[in-house]
Amino acid sequence: MARTISANALTELAKTHGVEPINILEVSWNDGTVIKYADRDIPNTNIQGKILAIANLDEIINIQQSGNSVSISVTLDDSDEMIRTLMNSFDIHKRPCTLYQYFKGLALADSFAVFKGYISSPIVWSEGERT
């Protein structure tokens with residue numbers, strides 16, 4: 001996956017202090033809906049902070065060779081039961097998703113993809129935790 005990073009995002013990446021990217025996960029659900037989830041709310045957008053954890057993200061960012069097979073694990077807050085409703089309505093396996101990084105204060109167009117893939121097993125639902 002070739003990454004195109006805007007000049008504004010490159011400026012943020014070049015900083016050595018006080019930079020914390022916001023991770024945004026975009027999922028194309030079976031009903032045609034595309035929803036973005038972030039690891040914190042992004043003001044003035046409909047992107048809510050529903051990402052509770054992302055595992056193996058550092059491995060993806062550090063990969064420099066193409067053709068490697070990598071995966072990430074994402075835990076989402078589903079206290080509003082939206083994802084559970086989708087799981088009960090559709091097979092959510094193999095749904096395309098993209099993980100972007102974004103920097104506060106920049107336009108969303110300055111976000112850049114760090115991972116593209118598909119939802120795959122195991123998909124774990126925790127009723128008690130709503131994740």
SER28 and THR85 label points (each 7 Å along its Cα→Cβ direction) are spaced in nm at 2.3 nm
The rounded separation in angstrom of the Cα centers of the range 79-131 and the range 28-48 is 8 Å
Checking the range 86-119 for chymotrypsin sites (Phe, Trp or Tyr not before Pro) in a loop per DSSP with at most 16 other beta-carbon atoms within 10 Å yields PHE90
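Quick one: if the Förster radius is 35 Å, what FRET efficiency do SER6 and GLU127 give, using the C-beta to C-beta distance and rounding to 0.05? Write down the numbers at each step before the final one.
Values: r = 41 Å, r/R0 = 1.18.
Computed FRET efficiency for SER6 and GLU127: 0.25.
Read-outs: derived from the displayed coordinates by stated rules, not from any lab. Keep in mind that what you see is a predicted model, and the values were worked out from it rather than measured. Quick reminder, even Gly has a Cβ in these numbers, built from the backbone with ideal geometry, and neighbours come from all protein chains shown.
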